Structure formats: structure tokens, C-alpha cells
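The values are calculated or read from the model by the stated rules, or taken from the named source; none is laboratory data. The model shown is predicted, which means the values in this text are computed figures rather than measured ones. Glycine gets a Cβ as well: all are built from the backbone with ideal geometry, and neighbour counts include every protein chain shown. Areas reflect the complete protein model, heavy atoms only, side chains present, ligands, DNA and RNA absent. Shrake-Rupley method; radii C 1.70, N 1.55, O 1.52, S 1.80 Å.
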Amino acid sequence: MNKFLTILFLIPFLCLGQSPNNKGIVYYGQIESSYFGSKNGKERLATLVFNKKESSYTCQKDSLDALITNFSNRQGERTILTSGGLPATSNGSQVFTSLVKDSVWSSFLKNGLQYVAEKKYPFKWELKNETKTIGKYTCYKAITYFRGRNYTAWYAPDIPLPYGPWKLQGLPGLILEAYDNTEEIYYYFKSIEYPTANKTGVSFIKSENGKPIKWLDMKGYLQFCEEYLQKMYEKMLIADKESPNSGYSEKATIDQTFKEIAL
């Protein structure tokens with residue numbers, strides 16, 4: 001089995017340079033279910049635009065949310081997604097990954113857009129000899145630990161590029177589905193254009209207001225999380241004083257509110 005997994009891991013990368021067009025677009029559904037402990041949150045539409053050198057994952061974007069109520073996949077199945085009035089911006093939350101650089105750049109929406117620049121995470125994937133069909137692709141299972149959560153991913157060796165939704169990457173094929181062990185974080189396949197003639201390119205993260213971006217490192221990210229939660233807690237305490245019958249407010253924790261909860 002180990003020999004099989006080693007061959008499975010290496011062959012797609014050997015074939016990478018042989019494909020004349022490695023540009024594609026994946027549409028994912030994304031669910032983040034803080035507090036629930038299962039897949040019970042609102043659904044959103046996300047995209048991964050990629051080529052053989054780089055990728056850009058985007059969600060919480062106005063134009064994507066506008067597609068949510070009338071999105072169809074290639075198999076003709078009409079899919080209804082409801083954003084439920086969740087916040088979005090013109091650029092959305094993004095993750096930019098380059099195969100030739102050692103950093104990953106991302107943005108996330110909390111009290112406005114926040115920006116993080118960090119070294120690539122050294123994913124240690126455990127490849128499993130277990131398959132399932134997603135769309136028209138035979139996908140293989142892999143598991144890993146990342147930033148406080150245990151993840152399962154299903155990747156397609158027929159698309160020999162190591163990208164995936166959000167910051168999940170490094171497998172010998174494109175990740176079409178991924179989730180943590182509680183399913184509070186869930187990314188699932190809707191449709192794909194690969195190869196694609198779509199002129200949409202991989203774009204680096206831009207500021208919403210055109211001002212210079214202040215990049216946080218991961219330590220700064222966790223500090224922001226703590227300060228954000230403290231401010232929210234103080235606001236709840238003020239609200240409790242104004243409405244004594246509203247009940248006692250407890251301070252939320254990072255693992256209840258954010259995807260990345262540890263260095």
C-alpha cells in the first residue's frame with residue numbers, strides 16, 4: 001500500500017508540465033458553523049481560480065452572493081444557497097497561493113477586512129487508499145492537522161495541481177471537498193471548468209479602499225482575535241446593563257468564532 005501511495009503522489013507532478021492548459025475554476029459551497037459543532041451554518045458560494053503557478057480562493061464576495069439563489073452545476077442540478085444576509089465585500093475574503101513563493105496571503109472579514117501574510121504551512125498529509133466520486137472525478141482521501149483542527153480532504157489526481165479551498169493545499173491533486181472532524185468547517189464541490197477558456201485570471205489580494213494593506217503575521221492574527229472577542233464581550237456587558245433581563249453574556253472563545261485557533 002505504501003508503494004501505491006508513493007506512486008500516486010508522484011505521478012501527477014511528473015505530468016504537470018505535460019498539460020497544455022492547467023487553468024481552471026472550481027465553484028464550492030462553503031459552510032462555517034461556529035458554536036453548532038456540526039454542519040448547520042449558512043451556505044455560501046466560493047470560487048478557486050487556478051493555473052499551474054498560482055491560485056486564488058474567494059468567498060464572502062458581493063458578486064458571488066448575487067449568484068447564490070440561482071446557481072446550477074454542470075450536471076444540471078439546480079442548487080439553492082442562502083447567504084442569509086451574511087456580510088460580504090466587493091473583493092471578498094481571499095487566499096492567494098503561489099507555487100514558486102514560500103508565503104500565503106489571505107484576508108478575512110471581521111470588523112472590516114483583515115489581512116494576513118505568513119509562511120506556507122508544512123502540511124503533513126496522510127494519504128488513504130479510499131476513494132469516492134465527486135462530479136466526474138475519482139477522488140482519494142487524505143487527512144491532516146491544521147491550526148487546531150483535524151481535516152479530511154478528497155482530492156482528484158486527474159487534476160494534478162496541489163491547490164484546494166481556503167488554505168488547504170499540498171496534495172497530489174486538486175482538493176474538491178474538505179471538512180474538519182466536527183464539520184464546523186465544510187467545503188464541498190458544486191461545479192468545475194477545467195480546462196477553462198474563461199478570461200478570469202488569478203488575482204492577488206487588493207485593498208477594498210485603495211489604502212496600503214497592513215499585513216498581520218499569524219501571531220498578530222491571534223492577537224487580533226483576542227482583542228476582537230474582548231470588544232464584543234464588553235459590548236454585550238453594556239447591552240446587559242441596559243436590558244437586565246437579557247441574561248448573562250459569556251465571552252466567546254477563538255475556537256468558537258474563527259477557523260484558525262492555534263499557531
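Note down the net charge around residue 51, summing +1 for each Lys or Arg and -1 for each Asp or Glu among other residues with Cβ under 13 Å from its Cβ. So the surrounding residues net to +2. Accessible surface calculations at 1.4 Å, restricted to protein heavy atoms, place region 213-263 at 69 Å² per residue. Measuring with a 1.4 angstrom probe and ignoring ligands and nucleic acids, residue 186 comes out at about 20 Å² accessible. With all protein chains kept in place, the per residue accessible area of region 86-166 amounts to 42 square angstrom at a probe of 1.4 angstrom. Counting only heavy atoms of the protein chains and using a 1.4 Å probe, residue 62 has close to 80 Å² of accessible surface. For residue 184, neighbours were defined as the other residues whose beta-carbon sits under 11 Å from its Cβ, and their charges (Lys and Arg +1, Asp and Glu -1) total -1.
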